[in-house]
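Coordinate-derived values only; no laboratory data. Since the model is a prediction, treat every value here as computed from it, not as a measurement. Backbone-built Cβ (ideal geometry, glycine too); neighbour counts: all protein chains shown.
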Amino acid sequence: MNYEHTQEVSAVRDFLWVSLFFLGPLIPGYMWWRYPIFVLIIMVPCLLLTFFLFVFPISQSTISLTNENLEFRFRYRWPKLVVDLSDIYSVEVKEVSLWRGWGINTDYVRGRKLWRIRERQCIEILKKDGKRILLGTNDTQTLSMFLLGAV
């Protein structure tokens with residue numbers, strides 16, 4: 001039993017938001033307060049570095065299921081989550097709010113870890129040690145069917 005699903009969202013919109021955050025305040029600052037041009041020259045590499053290190057990697061995720069484990073990884077194959085199938089107690093399909101963000105988040109109130117890229121549909125995995133993991137995917141029904149068949 002092998003399953004692999006890759007999900008990708010548009011990184012162009014994210015680049016525009018990050019550009020607005022970095023360069024937006026600099027343009028009026030340069031025009032009205034005469035910021036030196038080297039400030040703008042420094043901010044462009046900082047923008048690119050921030051985008052390619054923090055935003056672009058979480059715009060794609062891949063979920064792989066083999067006979068031994070389940071693996072969730074982002075674009076650069078790091079960070080990744082590996083769960084042994086023998087440690088899974090139950091699997092359930094959940095829907096979470098978009099306000100939870102994307103990437104890797106911890107819900108301290110409910111005691112669960114959230115791994116996703118902008119998808120409301122998630123698979124909640126309850127491990128035998130009591131830990132809960134939410135994996136965001138746009139293919140929840142197929143993944144839950146494969147996981148229930150493996151558990």
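Once Rh for segment 46-142 is found with the Kirkwood sum over Cα pairs, what is the Stokes-Einstein diffusion coefficient at 37 °C and 0.692 mPa s, in µm²/s? Let's see the in-between values first.
On the way: Rh = 14.0 Å.
Rounded, D is 235 µm²/s.
Fewest first, what order do Trp78, Trp115, Trp99 take by the number of other Cβ atoms within 10 Å? Numbers along the way, then the final one.
Details: Trp78 8, Trp115 23, Trp99 5.
The most exposed by this proxy come first: Trp99, Trp78, Trp115.
Could you grab the relative contact order for the chain? Cα pairs under 8 Å, six or more apart, rounded to a whole percent.
It rounds to 20 percent for the chain.
Helix-only estimate, please: 222 nm mean residue ellipticity of the chain, summing -39500 (n - 2.57) across DSSP H runs of length 4 or more and dividing by its residues, to the nearest 500.
Working: 4 runs with 46 residues, N = 151.
Estimated from H runs of four or more residues: -9500 deg cm²/dmol.
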